[in-house]
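The structure appears right after this line, and notes come after that.
The values are calculated or read from the model by the stated rules, or taken from the named source; none is laboratory data. Keep in mind the model is a prediction, meaning the values are calculated, not measured. Using ideal geometry, Cβ is built from the backbone for each residue, glycine included, and neighbour counts are taken over all protein chains shown.
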Amino acid sequence: MDYPIPTEMPGWVMLAEGTIASDFALKNLNKALGEAQIEFLPAVKDAENRYANYQYTPLESIVAAVRPSLVKHHLTVSQFPVTDLERRTIAVYTRIVHWDSGEWMQNMLEVPGELALGRDGAAKFNQQTIGGSQTYAQKYAYKAIVGIPDAEETIDSSEEKGDLPARAKTQSKTQRTTPRQADTDYDVAAESSPGRLNAAPPSDVRTKFFSKAKEFGWGLADIKRFIVKAYPDAKGSTASLTEEQLQDALKVMASNKPEDVLADQAE
């Protein structure tokens, strides 16, 4: 496929088909992005498709989880949608820029703009399908360029329906996987582990925990090391901690610096 990359753009290199950058090394951008990624907060699956009865993580929740860290490390993500009326596709150009060095990287993601909506199942291409496809492409392009793999942040419901506009239901409401079961900090191995503690608190409680810990100066890597040290059975995952244990952990984080608490822990 030929990607419409502007040929008049000065000084760019091609990293892969559809992906261009200011240079191959991107030394400053990669360093800043790596530091920001350590501080990303979990994104919350707080939106619901009422037509198909499932929950998913909207674009705004992903942006809210990572933008503070991106800004802290002088990174900006911009997105530019382009609609091809003839081919009925939506292309989203996503660019991440490092303020200080001017280094940048840009990717183009193209998705169909014609979708089957409504009970008749007929394919439609209108403002609604264009808007839905654009948002869908923006979300996955944003995830990809800042480095959020699907395994870490399950964007769609576990029913594999995704969050494109109104796909048909494949399970009854009573059979539907709950948001708790689909949560990204939870898996079958943790559930069946002999050392597993009491049932994990809801994802919104854990999200507030991470946010508060960050206010106290604790990065995500610090938190994981502390959980490993304080609650060995949890294996570094907050999914195995009760709400009371999370509150106890916050009390320690509020009155201690990470280096003090983790000083005697082997690297």
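Conditions (1) hydrophobic (A, V, I, L, M, F, W, C); (2) assigned by TED's automatic domain parsing to the domain that holds F40; (3) touching a helix residue (DSSP H, G or I) at 6+ places or on another chain (Cβ under 6 Å); (4) modelled with pLDDT of 95 or more, marked per residue:
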site: R87; (1), (2), (3), (4): no, yes, no, no
site: R95; (1), (2), (3), (4): no, yes, no, yes
site: W104; (1), (2), (3), (4): yes, yes, no, yes
site: E114; (1), (2), (3), (4): no, yes, no, no
site: D120; (1), (2), (3), (4): no, yes, no, no
site: Q127; (1), (2), (3), (4): no, yes, no, no
Checklist outcome for this item: Taking region 238-258 and keeping only residues that are crowded, with 19+ Cβ neighbours inside 10 Å and either within 23 Å of the chain's Cα centre (by Cα) or part of a loop (DSSP other than H, G, I, E, B) (or both), one is left with T238, A239, S240, L241, L246
Next on the checklist: I'm checking my understanding of the structure. Among residues of region 141-150 that are over 15 Å from S78 (Cβ atoms) and surrounded by fewer than 19 Cβ atoms within 10 Å (Cβ to Cβ), which one is modelled with the highest pLDDT?
Outcome noted: G147
Checklist entry - Going by the conditions given, is L109 in the same structural domain as L33 (by TED's automatic domain parsing) and free of Cβ contacts under 8 Å to residues at least 24 places away in the same chain? => result no
Checklist entry - Do you know which residues across region 111-129 are surrounded by 19 or more Cβ atoms within 10 Å (Cβ to Cβ) and either in a strand (DSSP E or B) or of a type in the set (A, V, I, L, M) (or both)? => result L115, L117
Item to check | Hey, A141 closer than 23 Å to T57 by Cβ and either touching a residue at least 60 places away in the same chain (Cβ under 8 Å) or not assigned by TED's automatic domain parsing to the domain that holds E60 (or both) or not | outcome: yes
Checklist entry - Does I62 satisfy being of a type in the set (V, I, T), surrounded by 15 or more Cβ atoms within 10 Å (Cβ to Cβ) and at pLDDT 90 or above? => result no
Checklist entry - On the given criteria, is L70 out of contact with any strand residue (DSSP E or B) (no Cβ under 6 Å at 6 or more places or on another chain), closer than 30 Å to K214 by Cα and aliphatic (A, V, I, L, M)? => result yes
Next on the checklist: Under 6 Å between Cβ atoms, which residue pairs at least 6 apart in sequence (or on different chains) link something in region 241-258 that is touching a residue at least 24 places away in the same chain (Cβ under 8 Å) with a partner that is surrounded by 15 or more Cβ atoms within 10 Å (Cβ to Cβ) and not in a helix (DSSP H, G or I)?
Outcome noted: E243/P201; M253/F216; M253/W218; A254/F216; P258/W218
Checklist entry - So S78 fits all but one of (1) without any contact (Cβ under 8 Å) to a residue 60 or more places away in the chain; (2) loosely packed, with under 14 Cβ neighbours inside 10 Å; (3) outside any strand (DSSP E or B); (4) of a type in the set (G, A, S); what number is the exception? => result (3)
